[in-house]
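Participant: I have a structure I would like to understand better, so I am pasting it below and will then ask my questions one at a time.
The values are calculated or read from the model by the stated rules, or taken from the named source; none is laboratory data. Since we're looking at a predicted model, the values are computed, not measured. Here the Cβ positions follow ideal geometry from the backbone for every residue, glycine too, while neighbour counts run over all protein chains shown.
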Amino acid sequence: MVGGFLLAQVVIILFVNTRGATLDEGIYITAGLRTLDGFGLSDDYMSWFAGSLLWSALAGVAHHALGLMGVRLLAAILVTTGLALVGKAADNLYGARAGVWATAIGAASGAVLTLGHVGVYDAVAFVGLAAMMCALSEFFVRDRRAWIVIAAAAFVVAVLGKYPAVAAVSVVVSLIFIRRGRRGRIDVGMFIFVTGAALVVFYQMFEQQMLGLIEFRSEFEIPAFGFTREMIAVTLAYHVVPVALVTVVGVARSGRGSRATSLVLATSLALPIVYHLSTGSGVGQVKHLGLALTMALPVAGLGFAEIHRKMSAFVAVPALVALLALGLAQMRQEHNASPDPGPVANYLAQEAESADRLLIDTSWPYTLALMESGRIESPWSIYDTFRVENETLPVGICEFDWFVATPNGWPEDVTEAVHACGSFELVFSDTHELHGFTEEYHWITYPATSEVWERVSP
């Protein structure tokens with residue numbers, strides 16, 4: 001099962017997901033390359049990243065070896081490893097059949113399918129949380145507190161991968177107290193001590209940038225990207241409900257001694273729901289669900305095992321196939337939710353000169369391509385929407401050499417200012433289809449165009 005998932009991800013990377021780097025991939029790979037060149041700290045990435053430079057450094061190494069494909073293959077290996085660890089956790093908690101079905105459900109879910117071939121730091125958080133769950137299950141089976149230390153170390157890796165993974169501590173503490181009773185006070189104390197000490201050391205090592213991150217996040221308004229809370233609720237339901245239904249079966253069919261455990265693990269699915277509805281952010285829903293599944297999948301596996309036992313494979317297998325069909329559809333929608341930067345990035349990498357100044361609304365995928373081609377040495381040669389709105393430009397806007405407008409869009413005043421210059425000429429455009437979710441609560445396909453404008457001599 002795990003081998004089949006990895007093989008499927010390799011096929012997707014080589015033949016299906018051949019698009020250029022996503023915005024997030026562009027950010028973290030560029031940061032990784034700069035980190036390996038010795039500029040990771042001076043570039044100040046951790047003052048706005050929601051994670052450390054751990055994934056970026058790994059991605060930089062993978063990129064040096066095999067380019068973007070190497071980064072995605074690394075993500076596939078990490079997520080596949082995490083899936084195997086979740087299956088082992090389910091085996092320890094509920095038996096071998098639950099372990100097999102937990103792995104199968106994870107491999108079929110849209111969230112895990114998507115995470116398995118996208119080069120972002122969620123892959124580190126996924127394998128870290130999965131390793132934590134596996135270590136905790138070993139602790140409950142073997143009653144050796146060394147497993148608590150291993151679980152804490154895995155949790156630290158997950159949090160350094162992506163800081164929001166810290167929300168899983170609520171599940172861990174509840175789980176230990178339920179399984180261990182009064183003895184759980186020592187176990188929780190050990191877990192908190194190890195994780196707290198490691199994270200405090202990390203904070204002290206990078207205190208200046210951590211303070212910058214706190215200030216940035218306190219002032220930063222999370223963009224809605226056109227999502228209302230009602231739309232967020234519907235899209236969350238679209239992704240969560242199929243797995244949640246099976247998880248409910250798992251809770252209901254748990255034995256008296258394990259029902260509380262199952263209930264706690266099942267509530268992990270509420271973490272992304274609470275976050276997105278409370279913040280009004282529609283960004284990263286699928287990724288955050290993927291992280292929650294590291295804790296909920298064992299219960300879902302138990303639910304499917306019970307369906308298989310009570311209703312036979314003639315019900316369980318078609319249900320799994322239906323889940324896989326839905327997961328593949330969700331994966332495809334995620335692929336096409338944002339424009340492919342590849343054609344524009346390749347054009348710029350061939351035509352831009354090293355001394356050129358560029359305006360690109362969502363710069364990072366193009367930054368990566370320009371750095372790869374040697375057209376720019378530093379990512380700070382490019383000004384994107386955030387920098388234009390928050391920094392002083394080095395020259396007047398009419399003196400930039402390139403203006404790139406993607407479907408994400410510049411603020412209207414910037415577009416008007418550039419076109420008022422009268423010196424920019426449209427030299428390249430790329431039109432492709434995107435998938436979007438409307439306020440009428442259905443998916444649509446629509447054309448979107450990215451444009452490259454070059455300043456010409458009068």
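Participant: Just to be sure I understand the filter: pairs with C-beta atoms under 7 Å, separated by 6 or more residues or on different chains, first member in the range 114-142 and outside the structural domain of M190 (by TED's automatic domain parsing) and closer than 14 Å to A168 by Cβ, second member surrounded by 24 or more Cβ atoms within 10 Å (Cβ to Cβ) and not small (G, A, S). Which pairs pass?
Facilitator: Correct list of pairs: empty, since none qualify.
Participant: Here's something else I'd like to know. Restricting the search to the range 266-279, which residues are more than 12 Å from L302 (Cα to Cα) and either in contact with a strand residue (DSSP E or B) (Cβ under 8 Å, 6 or more places away or on another chain) or surrounded by 13 or more Cβ atoms within 10 Å (Cβ to Cβ) (or both)?
Facilitator: Matches in the range 266-279: T267, S268, L269, A270, L271, P272, I273, Y275, H276, L277, T279.
Participant: Any residue in the range 48-65 that's under 14 Å from V157 (Cβ atoms): show its pairings with residues that are part of a loop (DSSP other than H, G, I, E, B) and of a type outside the set (S, T, N, Q) at Cβ separation under 6 Å, as long as the two are six or more apart or on different chains.
Facilitator: Going by the 6 Å Cβ cut-off, the qualifying pairs are G51/Y121; G51/K162; L53/G40; W55/Y121.
Participant: Out of (1) surrounded by fewer than 24 Cβ atoms within 10 Å (Cβ to Cβ); (2) modelled with pLDDT of 95 or more; (3) over 22 Å from the mean Cα position of the chain (by Cα), the odd one out for L136 is which?
Facilitator: (1)
Participant: In the list S254, S262, which residue meets the criterion of being surrounded by 13 or more Cβ atoms within 10 Å (Cβ to Cβ) and outside any helix (DSSP H, G or I)?
Facilitator: S254
Participant: While we're looking at this one, here's another question. Return the residue satisfying two criteria in turn: it lies in the range 384-439 and is part of a loop (DSSP other than H, G, I, E, B) and within 26 Å of the chain's Cα centre (by Cα), and of such residues it is farthest from S363 (Cα to Cα).
Facilitator: For the range 384-439, the residue satisfying everything is E439.
Participant: Can I ask one more? How do the pairs read when you match residues in the range 163-177 that are touching a residue at least 40 places away in the same chain (Cβ under 8 Å) and within 16 Å of W147 (Cα to Cα) with residues anywhere that are surrounded by fewer than 18 Cβ atoms within 10 Å (Cβ to Cβ) and not β-branched (V, I, T), using Cβ under 7 Å and keeping only pairs 6 or more apart or on different chains?
Facilitator: I176/G184
Participant: Filter the range 250-289 for residues that are among the basic types (K, R) and within 18 Å of the chain's Cα centre (by Cα) and give the result.
Facilitator: Within the range 250-289, K287 is the sole residue that qualifies.
Participant: Could you check the range 40-55 and list, in sequence order, the residues that are within 15 Å of S378 (Cβ to Cβ) and surrounded by fewer than 17 Cβ atoms within 10 Å (Cβ to Cβ)?
Facilitator: Hits for the range 40-55 are L41, S42, D44.
Participant: What about L211, is it under 20 Å from L289 (Cβ atoms) and either modelled with pLDDT of 95 or more or assigned to a helix (DSSP H, G or I) (or both)?
Facilitator: Criteria not met by L211.
Participant: Right, next: Would it be correct to say that L348 is more than 30 Å from V166 (Cβ to Cβ), assigned to a helix (DSSP H, G or I) and more than 21 Å from the chain's Cα centre (by Cα)?
Facilitator: yes
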